[in-house]
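The values are calculated or read from the model by the stated rules, or taken from the named source; none is laboratory data. Keep in mind that this is a model prediction, so the values were computed, not measured. FYI the Cβ positions are ideal-geometry reconstructions off the backbone, even for glycines, and counts take in every protein chain you see. Areas reflect the complete protein model, heavy atoms only, side chains present, ligands, DNA and RNA absent. Shrake-Rupley method; radii C 1.70, N 1.55, O 1.52, S 1.80 Å.
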Amino acid sequence: MDLNEARQIVKKRLKIARYEHTLRVEETAVELAKRYKESTEKAALAGILHDIAKCDPTHQLKDSIYFYQLPKTLFNYNKELWHGPVGARVVEKDYGVTDQDVLNAIYYHTTAREKMSKLEKIVFVADYIEPGRKFPGVNEVREIVNKDLDLAAQKVLKNTIIHLVNKDIKVYPDTFLAYNQFTNSMRGVD
Ligand code: DGI
Ligand code: FE
Ligand code: FE
């Protein structure tokens, strides 16, 4: 699928504000791909497609989790987590995207996971720091990512976990596993 085609597809599926977020994530992911010597093509494609299922109604996301045989444990966590795994299956099955790294970058863009690829980290961080974001601590991550992608991912995970815990929202295990791994490597444990 070429990038223009991908943009047209998501434009039809998403509300306008979400589509504009998508274009900013694309742009940010491409910048990070250049900085960290990743494929700009893959970063752009994953950036454009990462939120493809974001505007699907909850009942449709639920049906998709059954239909694509995604982990039922997703139902025990915030429904905000469902659109990544569903989006990855949609672009694979409905739009013929075959690149596994691109599919994983979409799948894990919200939760993160242990042992993320460079592309997965790029999309995960780009989604957090795109110019439209105003999270507390986002400027610090924008600075750090110029020097160290893993440290930037660690900060995003830390901020997100703190935010969720403060609101008494459960944290998906993959998010903790990713945080632990990036924190270990910060300390030189592995
Ligand atoms: O889809 P976007 O708004 O662009 O960004 P996203 O996919 O990262 O957002 C989903 C939201 O989900 C994010 O702001 C935090 C929230 N969330 C809820 N439970 C969890 C979670 N995020 C993580 N990483 N882990 C959770 O368990
Ligand atoms: Fe998302
Ligand atoms: Fe997003």
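Values as computed for the structure displayed
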{"item": "Subset of the range 102-115 [part of a loop (DSSP other than H, G, I, E, B) and polar (S, T, N, Q)]", "result": "THR110, THR111"}
{"item": "Verdict on SER64 being away from ligand 3 (no atom under 15 Å from the Cβ), small (Gly, Ala, Ser), out of contact with any Ser or Thr (no Cβ under 9 Å at 6 or more places or on another chain) and closer than 18 Å to ALA178 by Cβ", "result": "no"}
{"item": "Contacts under 8 angstrom Cβ, first residue in the range 158-172 being open to solvent by 80 Å² or more (accessible area, probe 1.4 Å), partner modelled with pLDDT of 95 or more and hydrophobic (A, V, I, L, M, F, W, C), 6 or more apart", "result": "VAL165/VAL171; LYS170/LEU164"}
{"item": "Counted residues, the range 1-36 - those being open to solvent by 40 Å² or more (accessible area, probe 1.4 Å) and touching a Lys or Arg at 6+ places or on another chain (Cβ under 9 Å)", "result": "6"}
{"item": "Neighbours by Cβ (under 7 Å, 6+ apart or cross-chain): first from the range 119-136, touching a residue at least 12 places away in the same chain (Cβ under 8 Å); second polar (S, T, N, Q) and buried (at least 24 other Cβ atoms within 10 Å of the Cβ)", "result": "ALA126/THR28; ILE129/THR28; GLU130/THR28"}
{"item": "Condition check for ALA152: at pLDDT 95 or above and away from ligand 2 (no atom under 16 Å from the Cβ)", "result": "yes"}
{"item": "Failed item, numbered, when ASN180 is tested on (1) within 18 Å of LYS79 (Cα to Cα); (2) open to solvent by 10 Å² or more (accessible area, probe 1.4 Å); (3) assigned to a helix (DSSP H, G or I)", "result": "(1)"}
{"item": "Qualifying positions in the range 131-153 - farther than 29 Å from ASN76 by Cβ and not in a helix (DSSP H, G or I)", "result": "PRO131, GLY132, LYS134, VAL145, ASN146, LYS147, ASP148"}
{"item": "Residues of the range 81-101 satisfying the condition of being more than 16 Å from ligand 1 (Cβ to nearest atom) and either among the hydroxyl-bearing types (Ser, Thr, Tyr) or not in a loop (DSSP other than H, G, I, E, B) (or both)", "result": "GLU92, LYS93, TYR95, THR98, GLN100, ASP101"}
{"item": "Residue match in the range 21-39 (condition: closer than 21 Å to TYR172 by Cα, touching an Asp or Glu at 6+ places or on another chain (Cβ under 6 Å) and touching a residue at least 12 places away in the same chain (Cβ under 8 Å))", "result": "no"}
{"item": "Unmet requirement for PHE124, which otherwise passes all of (1) touching a His at 6+ places or on another chain (Cβ under 7 Å); (2) closer than 17 Å to ARG18 by Cβ; (3) not small (Gly, Ala, Ser)", "result": "(2)"}
{"item": "Qualifying residues in the range 39-80 (those that are surrounded by fewer than 17 Cβ atoms within 10 Å (Cβ to Cβ) and among the charged types (D, E, K, R)) - the one nearest to the chain's Cα centre (by Cα)", "result": "GLU80"}
{"item": "Enumeration of residues in the range 93-137 that are surrounded by fewer than 16 Cβ atoms within 10 Å (Cβ to Cβ) and within 15 Å of ligand 3 (Cβ to nearest atom)", "result": "PRO131, GLY132, LYS134, PHE135"}
{"item": "Cβ pairs under 7 Å, 6+ apart, first in the range 66-79 and under 14 Å from ILE169 (Cα atoms) and free of Cβ contacts under 8 Å to residues at least 60 places away in the same chain, second part of a helix (DSSP H, G or I) and polar (S, T, N, Q)", "result": "LYS79/THR58"}
